[in-house]
Structures are given as C-alpha cells and as structure tokens.
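Worksheet: one structure, shown below.
Every number here is computed from the coordinates shown, using simple stated rules; none is lab data. Since we're looking at a predicted model, the values are computed, not measured. Here the Cβ positions follow ideal geometry from the backbone for every residue, glycine too, while neighbour counts run over all protein chains shown.
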Amino acid sequence: MTPVDRRTDPAAGTDSLLQLTEAPPLPTGPGATRCLAHPQELTLRGIPVMCSACRARRDWLLINHGRNVWVICRCSNQWLEPEVTRADFDALIFFPDGTLYPSIDEALAALGFDGTFTGIYLD
Ligand SMILES: [Zn+2]
C-alpha cells in the first residue's frame, strides 16, 4: 500500500472532509447545548410546572447549556428554570438520540416547539 500525501493528493483531502460531514462528533462537555423531550409532567419541589402563556402542564422540551436548563412549551414560551440543574438534566437523559441541529431555532422547529403545536399535547 502506498502512503497518501494529504498535501498533494486531492482525493485524500476529499475523503477526510467527507468523514467530517458524515460523522460529526457528538457535542459533549460544558459548552454543548443539549435538548431532551419531557412528555410527562415536570414536578419541581412538589409543584407541577405550568406554562404561564398557555397553561400547559406537560409535554416539555428541556434545553441544557452550561449550568442552565430552560423549559420550552409547545406554544414556544420558554424560561430559564433554576430549579432544574445540569445534574438533574444528566439524570433524565438516559438515551441521548445523537441528533445534531445547526441551531437552537432549527431544533425547536424540528421537534415541534416553535409554536406550531400551541395548545396540543403530542403524546
Ligand atoms: Zn405554553
């Protein structure tokens, strides 16, 4: 087998680019933004979370970035929830599905938390 010189062989460069697009590394560590569907009620200190905009009581999306966790409702209302810690989030995310989205907005649209399903529980 002949060693490939990546500086002069254009095919070698293409291959490595292709590998990057086909298998992006999963985001991990404190800088990653992760999201988690939470179809059930979310109870904090014994009180079920309720959306202040549409009064929904379940079917949330939780987004974690750094130490912060946001709760997003189907109506697209969202708020920082200091009662949910990163450790809580880690405990809930048993099976991360590995889906990557280019931005939070695209994730919210793809997962149905952009207001399209306001007033509807999807389970
Ligand atoms: Zn709502």
Output ³J(HN,Hα) for the range 45-57: one whole-Hz value per residue in order, computed from phi by the Karplus curve 6.51 cos²θ - 1.76 cosθ + 1.60 with θ = phi - 60°, and x for Gly and Pro. 6, x, 10, x, 5, 10, 6, 6, 8, 10, 6, 5, 10
Quick check on packing: order 44-57, 62-75 by the mean number of other C-beta atoms within 10 Å, highest mean leading. 62-75, 44-57
Report the calculated FRET efficiency for Y101 and S52 (r = Cβ-Cβ distance, R0 = 25 Å), to the nearest 0.05. 0.45
